[in-house]
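No lab work stands behind these numbers, since they all come straight from the coordinates. Quick caveat, the model's predicted, so the values are computed rather than measured. With ideal geometry, Cβ positions are generated from the backbone for all residues, glycine too; neighbour counts draw on all protein chains shown.
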Amino acid sequence: MLIAITIFSLFGLIGALLVLLHRKPIYSGLGLLLNFISLAVIYFILNAPFLGIIQIIVYSGAIVVFFLFVIMLLNLREPLSDFDFSFKGLLGLIITIVLFIGISVSLYLAKLPNFKLGQEGKVEKIGELLLTKYLIPFELASILLLLAIVIAIIIGRKQEE
């Protein structure tokens, strides 16, 4: 189980590095998709199939497709190099690698508990929490995402004129 989690964590890391380092937004969106699917597989390995399905449907299916739609709508045609090896790109790469190594070493040194879902992992409990305690943050996150997309479209339209 730990080996499978490590393998899919590496796939997630590759996806995150694509998001950080690739200059073309389409490839960054596809890297985000790889990251989300790797996380969904990790949920399945940890015996949380509902969270894995939600990860695939909501994030991999809807949000990444929505991001890719907006990227294509903005029609960015500037000739860019494939990878960003500027200071920000290298700093992001170094921070990501250091975090990955630190988390991996701490996971191997610590004994992992048995991942058994309690009451929190059940569908009824997740639905109850989303519609009661976390309703306002959930709705605010969706409004924030919509606002970011609208602002990106407005900025893209102003640059065309």
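Taking the number of Cβ atoms within 10 Å of each Cβ as an exposure proxy, the fewest-first ranking of 6, 96 is 6, 96.
For the peptides 141-147, 15-21, residues were scored by their other Cβ atoms within 10 Å and the scores averaged per peptide; the highest-first order is 15-21, 141-147. This ranking places 133, 24, 125 by how few other beta-carbon atoms lie within 10 Å of each, fewest first, which gives 133, 125, 24.
Each peptide in 25-33, 42-50 receives the mean, over its residues, of other Cβ atoms within 10 Å, and ordering these scores from highest gives 25-33, 42-50.
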